[in-house]
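Here the structure comes first, spelled out in structure tokens, and everything after it is commentary.
Any read-out appearing in this document is the output of simple, stated calculations on the displayed coordinates, not a laboratory observation. Quick caveat, the model's predicted, so the values are computed rather than measured. Counting neighbours? That spans all protein chains shown, and the Cβs are built from the backbone with ideal geometry, glycine included.
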Amino acid sequence: MHRHRKFWDQPNAFLPDRFAGIAAPWVQIPAYVPFGVGPRICIGLNFALAEAQIVLARMLSHYGVAIEAGPPVLPIGRVTIEPSHEPTFVLKPL
Ligand code: HEM
């Protein structure tokens, strides 16, 4: 559903800006269900979002992140979408 052309413009493109200005897109966009939906929705949703913001803010205030040159990382569809291989990231102190 997260890659279906019926629901998304450029469904296979990595366009984080498609969510810009949309608070809680998993609530407002029915086709976007990163935490599931209904009675079995992820109970860690709010914790995960708070944790991710804290970790990213702490990390990006100290380091720049770059990806090492190599083959492009492609989405592989299994039960969930997985990266085709684990890319190597380099952290550079700011
Ligand atoms: C970005 C992070 C996370 C994502 C994307 C995520 C996603 C999901 C998804 C898709 C489900 C399945 C919902 C369903 O069956 O319909 C789920 C269930 C669940 N998640 Fe998460 N989750 C995340 C983080 C966490 C964290 C941090 C915790 C605990 C601290 C957690 C605990 C659970 C539990 C216990 C369930 C099972 C709920 C049930 O079956 O009633 N998750 N999560």
Along Cα→Cβ, 7 Å out, is where each label goes; now give me the distance between the ones at Phe47 and Val90 in nm to one decimal. 3.7 nm
Nearest 0.05, what FRET efficiency do Val79 and Ala20 give at R0 = 25 Å with Cβ-Cβ as r? 0.30
What is the extension gain from Leu56 to His2, computed as 0.36 nm multiplied by their sequence separation minus the C-alpha to C-alpha distance, in nm to one decimal? 17.1 nm
Compute the distance in nm between two label points, each set 7 Å from the Cα along the Cα-to-Cβ direction, one at Asp9 and one at Val65. 2.6 nm
